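Contents: one structure, followed by commentary.
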Amino acid sequence: MSPRFSELNKVKVTPPSKEEWEGYVIESRFKDERWIYKLSMTEDPKKSESFDCWFPEEWLERTN
């Protein structure tokens, strides 16, 4: 099984009970029988601030 989103795919994050926002996938892992993703706020992950937390695939939607 492969991840639904590839590195640098632009995604919209829709976490439960929080505001939605957009970011870019910079890493993915298969953990606890599901894909999770680390995101960055800009297209260039080397120059951007990324999040230390990981987001489950069900919270993400492709935007491009």
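The values are calculated or read from the model by the stated rules, or taken from the named source; none is laboratory data. Computed from a prediction, not measured in an experiment: that's the story for all the values here. Only protein heavy atoms, including side chains, enter the accessible area calculation; ligands, DNA and RNA are left aside. Shrake-Rupley method; radii C 1.70, N 1.55, O 1.52, S 1.80 Å.
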## Note on the structure
accessible surface per residue for the stretch 1-44, probe 1.4 Å, DNA/RNA/ligands not counted, whole Å² -> 69 Å²
### Query
Working out 0.36 nm times the residue gap between T63 and F30, then minus their Cα-Cα distance, what length gain in nm do you get to one decimal?
9.7 nm
